Structure formats: C-alpha cells, structure tokens
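Only one structure is covered here, and it is reproduced in the block below.
Every number here is computed from the coordinates shown, using simple stated rules; none is lab data. As the structure is a computational prediction, the values presented were derived from the model and not from experiment. We place every Cβ from the backbone using ideal geometry, glycine too, and count neighbours over all the protein chains shown.
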There are 2 protein chains.
Amino acid sequence: MSLAIIGSVAFDTVETLYGKKNNVLGGSATYAALGASFFSPVNLISVVGTDFPRKYYEIFRGRGVNTLGVERKDGETFRWEAKYHKDLIHRDTLSVKLNVFEGFKPVIPIELRKARSLFLANIDPELQGWIFKNVSATGIVACDTMDHWIATKKKELLKLLGKIDILLLNDEEARQLSGESNLLDAARYIISKGAKKVVIKKGEHGALLFSGGLSFMVPVYLVKKVVDPTGAGDTFGGGMLGYLAGKRRITDRDLRRSLVYGSILASFTVEDFSVNALLKVKDRDIRQRYKALMSLVRF
Amino acid sequence: MSLAIIGSVAFDTVETLYGKKNNVLGGSATYAALGASFFSPVNLISVVGTDFPRKYYEIFRGRGVNTLGVERKDGETFRWEAKYHKDLIHRDTLSVKLNVFEGFKPVIPIELRKARSLFLANIDPELQGWIFKNVSATGIVACDTMDHWIATKKKELLKLLGKIDILLLNDEEARQLSGESNLLDAARYIISKGAKKVVIKKGEHGALLFSGGLSFMVPVYLVKKVVDPTGAGDTFGGGMLGYLAGKRRITDRDLRRSLVYGSILASFTVEDFSVNALLKVKDRDIRQRYKALMSLVRF
C-alpha cells in the first residue's frame with residue numbers, strides 16, 4: 001500500500017511576524033511525505049545537493065519515509081526564500097534557486113517503480129509528467145500545482161489531466177486555469193479536461209472536493225496561532241493521499257475523510273516554522289482535531 | 001414570536017457584469033426582513049421618503065412583513081450606488097445619500113414597542129442604540145455592522161455590545177474592530193466587550209459562530225451563477241434571527257441551524273438583482289438547499 005511522492009525537497013528561508021528561519025527543511029514533497037507518513041508508507045522521489053545534511057535525512061527516516069529515491073547530485077539543494085505579510089496569508093517570494101532541480105530527471109531505483117498510489121506534489125509539470133514513464137501505480141494518482149506553472153506551462157499541465165485522478169490547486173489557480181470565476185464552473189472545466197476529481201484549496205477557508213455528483217467542503221481547524229503557513233497546502237495533499245493510499249477500494253466516504261485528514265495535518269504545519277510542529281504530532285492529536293472538525297460542522 | 005428589525009430601506013443602483021439596475025429595492029432592513037419572513041412574523045422599523053412607491057410596500061406585505069413602523073417622511077428615500085468588480089466580490093461604492101435617514105429617530109407605534117426578538121440590521125450604531133429606549137425584547141437581540149461604522153463610530157458600537165446577544169460582522173471587520181488577525185482572538189475580544197456570541201461572516205466562504213465553548217462553521221450553498229451579491233449578509237442575518245425568533249429556549253442546535261438557514265436564504269439573494277430571487281423562494285427550495293448543505297459537510 002505504498003505511496004510514491006515526487007516533488008521538491010528544499011532549503012527554505014522564511015520570515016513571518018514571528019521571526020526568520022534560514023535554510024530550514026522545506027519543499028513540496030517534504031511536507032507531502034511527512035503529512036502522508038501518518039497513514040501510509042511513503043517513497044520519496046526527489047533530488048538534493050551535496051549540501052543536504054544528514055540530520056534532514058534522519059527527519060524523513062524518523063517518520064518512516066523511504067529516501068532511496070532521493071538522488072544526491074553534485075551542486076546545491078533547491079533554495080526558496082519568502083517573507084509573509086502581517087496577515088500571514090500573502091507573501092513576497094524573494095528568491096528561487098532551482099540548483100540541482102535544473103533539468104533534473106530522476107533515476108528511479110527499480111524497487112520504487114511500482115507503487116500503489118502516486119502523488120505529484122507541486123513542481124514543474126514536465127517533471128510531473130515524466131514520472132509516468134518510470135513509475136506505475138495501480139491505485140489513485142493525484143497532482144498538485146501552482147499559479148507559476150499555470151502561467152508558464154499550461155499546455156504541459158493540461159496534458160497531465162488525462163493521466164490523473166485528482167487535481168489539487170487553490171481557488172485563484174482554479175479560476176486562472178479555467179478562466180471561470182464561479183468555482184463550480186472552474187471545477188467542471190478541469191474535469192472536462194480529463195481529471196476525474198478536483199480539490200480546490202482555499203487556505204484558511206478550507207477546501208472543496210468535486211467528483212461527479214459529489215461535492216464536499218472541509219473546514220480548517222482553527223489554530224490558536226498561525227506562525228508560518230508555508231507547506232500547508234502540500235501537507236494537505238500529502239495527508240489526503242496518504243489516507244487514500246491505505247484503501248483498496250475508495251468510497252465517497254473515504255474521499256471525504258481524506259480531505260478531513262489533509263486539513264488536520266495542514267493545521268499542525270502552520271503552527272510552527274518548517275516541519276517542526278508536524279514532527280511533534282501524535283495520533284491522539286489527530287483524533288482530537290478530527291472530533292473538533294466534526295463538531296464544527298454538525299447541525 | 002415577533003421579530004422587530006430596524007435598519008435601512010433604500011433605493012439601490014447596482015452594476016455587475018450581468019447588467020445595471022437603477023433605484024431597485026434595497027437596504028439592510030429590507031433584505032433582513034424578507035429573509036426573516038420565511039420563519040417569523042416581522043415588524044420592520046425604518047424610514048422612507050415620499051418617493052417610496054406603493055409597489056415596494058406591497059413587496060413587504062406580500063411576505064407578511066408589517067410596515068407600520070416604516071415612517072414616511074418628507075424628502076427622498078436613502079440611496080446607495082455601487083459597481084462590482086468582475087470577481088463579484090469587491091465593489092466600489094459610487095455614492096451614498098442618507099436623505100431621510102439624516103438625523104432620523106423613528107417614532108415607534110405603541111403596538112410595536114414590545115417584541116420577542118430584535119435585529120439591529122446594519123446602520124449607524126447611534127440609531128441602533130436608540131432603539132433600546134423604545135422597544136423592549138424578551139428574546140434574542142442581534143446587531144449587524146460594517147467597516148464604515150467601526151472606523152467612524154467605534155465607541156458607540158462597543159457601547160452596544162453590552163446590550164446584545166449576537167454581533168454579526170465580516171472577517172475583515174472582526175479584525176478591524178479587535179486589532180487581532182486571528183479570528184479566534186478577534187471573537188474573544190468581541191465577547192470580552194460584552195457580546196455573548198459572535199458571528200463572523202466570510203462571504204463566499206460561509207460564516208463562523210463563536211459562543212462560549214461552541215464553535216460552528218456554516219458553508220455557503222454553491223449557486224450556479226452569482227448575479228449580484230448585494231444584501232447577502234443582511235439576508236443571512238435576517239434569516240438567522242427569523243429562525244431564532246420562533247424558538248422559546250434557544251439550544252446550541254438551534255443556533256447552528258439558524259446559521260444554516262441564514263446561509264441558505266443568502267444563497268438565493270445573490271442569484272438575482274435586488275430581492276428578485278428571494279421573492280421567488282418556496283419552502284421546498286429551502287429544504288432542498290438544507291439537504292445539500294448537510295451532504296456538503298458530512299464525513
């Protein structure tokens with residue numbers, strides 16, 4: 001029941017009103033893999049530079065994430081720097097250095113070429129598409145993306161939609177990709193392009209799932225203090241896919257619950273910088289927030 | 001089990017990407033009264049000018065709203081003009097003419113001075129406060145407000161909080177009033193100032209209720225086409241209070257459901273200009289959206 005996750009592993013430098021952290025562990029696949037690790041064995045597929053420290057590998061191993069598919073290449077690890085506005089929602093990206101990701105085509109170890117499920121965490125759609133030639137999945141396949149790829153690689157992204165079960169993106173991105181302002185219309189457009197299901201992430205307002213006749217809205221667990229929202233969407237996707245990877249036949253109820261677990265895991269991520277809060281999560285913390293979300297929406 | 005609603009009755013001129021309507025029926029108390037009318041007898045307290053046409057009185061009467069408390073004064077009816085951006089969320093207010101509302105202190109007919117419940121729809125907090133000297137309520141009292149009053153009459157608004165059960169405002173306004181960016185902190189601040197409960201409206205993202213240990217989140221019914229969002233928040237408050245006015249002892253479940261009914265009524269309002277869509281609502285339409293919202297959040 002393994003889940004293969006491809007995406008970025010990075011050094012993040014992040015400033016919010018609660019402080020600044022330099023070169024801390026980040027990247028879409030990092031958050032996704034750690035989020036998923038609460039529900040499923042995870043094979044991480046990515047690339048790092050020779051500057052990637054042993055202690056970061058140990059973070060993955062500590063959560064049972066297999067790093068055999070993380071190639072170590074001559075050069076520096078992907079670096080991303082951003083500063084959040086006071087509202088802890090908007091941010092300015094100060095610098096992006098692809099480094100070892102430049103032109104990267106991962107060599108997939110033979111033992112990772114068959115996966116139950118596959119999550120293409122947010123990264124260049126060309127690299128996301130490349131995975132299909134190298135890893136086969138018998139279960140669910142999901143893909144995350146962002147405004148930058150919609151603006152620069154829309155064709156490549158649309159080509160992916162026919163190969164995946166679920167596209168995850170945020171509300172503005174759904175509008176950008178579809179040209180529709182109404183989210184129902186945006187979801188219909190994306191499904192018409194081949195994705196079987198769409199998950200529209202709305203940050204602090206939760207997320208929506210559209211799948212045929214099914215619509216589901218998951219709220220966000222209201223945390224006492226948002227310290228750094230970096231990685232919340234990636235954790236959400238990872239938690240969601242991790243939960244689904246454990247299911248042999250996915251029911252509507254499983255789909256709904258996968259969003260709930262994604263939302264819960266993301267609510268931990270935002271409570272501290274990097275993956276610090278996520279690493280402290282216990283099963284009982286997840287159960288407590290699950291109950292709280294049930295109570296939040298019951299009527 | 002009557003509900004008294006005080007607020008504005010207005011002529012609105014509104015432009016959205018779906019067209020422009022001149023001098024159509026609007027105003028916070030108009031939307032609130034029509035929303036509430038699905039659940040409770042309503043006494044409307046407001047003022048109009050001599051230009052207010054018979055056909056608009058008939059709209060209220062058609063929904064059983066008592067207009068005995070709508071004073072008819074020499075002068076022109078309150079006028080408001082706005083143009084919505086393409087996103088149908090943001091708008092530019094082009095003109096506000098208070099007209100007969102300038103210095104208005106309503107003369108409350110003796111038969112309206114006792115109400116079961118009271119809803120102070122969005123209007124000058126001084127006028128909202130004045131009502132307490134003239135109408136006594138044995139049941140629930142709620143108050144709506146907006147950014148303009150928080151900026152210009154914060155003291156008067158804070159004074160009101162000790163006299164009411166529920167304050168309704170949107171997320172940006174909750175942050176503005178409290179100086180807190182986290183909505184939990186904002187709600188805590190408002191409750192510390194005297195309101196027993198806070199409802200934070202989030203537009204297309206639904207609404208949150210905070211009341212002691214109770215937190216509840218209601219989603220928005222996803223309509224196929226938003227034509228004009230004017231009055232959605234007022235309809236929400238009216239629907240909510242109308243539902244609560246019918247209850248002798250309000251349970252947590254009643255509170256939760258009152259937000260659901262408010263959200264449903266608001267989802268009709270946005271489907272057409274002015275109160276056009278709201279006037280066509282049948283009980284079965286409400287039941288259908290109630291079921292859809294239940295399904296939307298169930299997991």
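Here are the numbers:
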| item | result |
| --- | --- |
| Inter-chain Cβ neighbour average for residues B:212-218, partner chain, 10 Å | 4 |
| Share, in percent, of DSSP beta bridges within the range A:1-132 that are antiparallel, nearest 5 | 35 |
| Average projected area [Cα convex hull, the range A:51-113], square nanometres | 6.4 |
| For chain A, share of DSSP beta bridges that run antiparallel, in % to the nearest 5 | 40 |
| Relative contact order (%) - criterion: Cα under 8 Å, at least six apart; region: the range A:98-249 | 18 |
| Convex hull of Cα atoms in the range A:177-299, direction-averaged projection (nm²) | 8.5 |
| Distribution of pairwise C-alpha distances over the range A:105-170, 5 Å bins, in % | 4, 17, 31, 25, 14, 7, 2, 0 |
| 7 Å along Cα→Cβ, label-point gaps from B:Lys196 to other copies, nm, shortest first | 5.0 |
| Sites matching trypsin sites (Lys or Arg not before Pro) across the range B:139-210 that sit in DSSP coil, with at most 12 neighbouring C-beta atoms within 10 Å | none |
| Bins of 5 Å from zero: percent of alpha-carbon pairs in the range A:1-93 | 3, 13, 23, 22, 15, 13, 8, 2, 0 |
| At 0.890 mPa s and 25 °C, Stokes D of the protein assembly as shown from Kirkwood alpha-carbon radius, µm² per second | 96 |
| Rounded to 5, percent antiparallel among DSSP beta bridges of the range B:141-254 | 55 |
| Whole-number percent relative contact order across the range B:5-77, with pairs defined as alpha carbons under 8 Å at least 6 apart | 32 |
| Rounded FRET efficiency, nearest 0.05, which uses the C-beta distance separating A:Leu158 from A:Lys114 and R0 of 25 Å | 0.40 |
| 25 °C / 0.890 mPa s Stokes-Einstein diffusion coefficient of chain A, Kirkwood radius on C-alpha pairs, µm²/s | 130 |
| Contact order normalised by residue count of chain A, Cα under 8 Å, 6+ apart, percent | 19 |
| Cα centroid separation, the range A:22-36 to the range B:4-26 (Å) | 49 |
| Ranked list, fewest to most other Cβ atoms within 10 Å of each Cβ, for B:Ser46, B:Ser95 | B:Ser95, B:Ser46 |
| Choice from A:Arg257, A:Arg249, A:Arg72 showing the highest fluctuation, given a GNM over chain A with Cα pairs closer than 10 Å | A:Arg249 |
| The range A:101-223 - Rg and Dmax from Cα coordinates, angstrom | 14.9, 44 |
| Potential extension, B:Lys193-B:Ser215 segment - 0.36 nm per residue separation minus Cα distance | 6.1 nm |
